[in-house]
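**Student:** Handing you this structure, nothing more for now.
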Amino acid sequence: MRQSLGLGLRWEPRAALHHLSYRTSMLDLHCHILPQIDDGPKTLEATLELARKQVRAGVRYVAATPHIDWDFGVSAPMMRTKVEEVRAELAAA
């Protein structure tokens, strides 16, 4: 059973991930991949290049984990917008 974590992300129980192999699939659980948020890439093109490098390295799943605090001014709506923007660009690539 899937459970929503917000921002369009999903948590899947371990049993649902049985098709993954540690030899062929890698998960990046801490990545500052969203453009123009905190200390992540400065541009969308830099985000796409980071995604390309991850694919070449064998990464198949990425969790976008920006800093969420007053210093960076990151909000849930801002993160949602950036996630949707990156997903759309990756789908078109």
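**Student:** Taking segment 38-71 as the region of interest, how many residues are touching a Pro at 6+ places or on another chain (Cβ under 7 Å) and among the hydroxyl-bearing types (S, T, Y)?
**Tutor:** Within segment 38-71, residues that are touching a Pro at 6+ places or on another chain (Cβ under 7 Å) and among the hydroxyl-bearing types (S, T, Y) number 2.
**Student:** Still on this structure: Give the number of residues within segment 41-81 that are on the phi < 0 side of the Ramachandran plot, out of contact with any helix residue (DSSP H, G or I) (no Cβ under 7 Å at 6 or more places or on another chain) and in a loop (DSSP other than H, G, I, E, B).
**Tutor:** Within segment 41-81, residues that are on the phi < 0 side of the Ramachandran plot, out of contact with any helix residue (DSSP H, G or I) (no Cβ under 7 Å at 6 or more places or on another chain) and in a loop (DSSP other than H, G, I, E, B) number 12.
**Student:** Among residues belonging to segment 27-51 that are open to solvent by 60 Å² or more (accessible area, probe 1.4 Å) and more than 13 Å from the chain's Cα centre (by Cα), point out the one that is farthest from L90 (Cα to Cα).
**Tutor:** Once the filter is applied, the top-ranked residue is D39.
The values are calculated or read from the model by the stated rules, or taken from the named source; none is laboratory data. It should be emphasised that the depicted structure is a prediction, and the values quoted were computed from it without experimental measurement. A quick note on method: Cβ atoms are made from the backbone with ideal geometry, for glycine too, and the neighbour counts reach across all protein chains shown. For accessibility, only protein heavy atoms count, side chains too; no ligands or nucleic acids. Shrake-Rupley method; radii C 1.70, N 1.55, O 1.52, S 1.80 Å.
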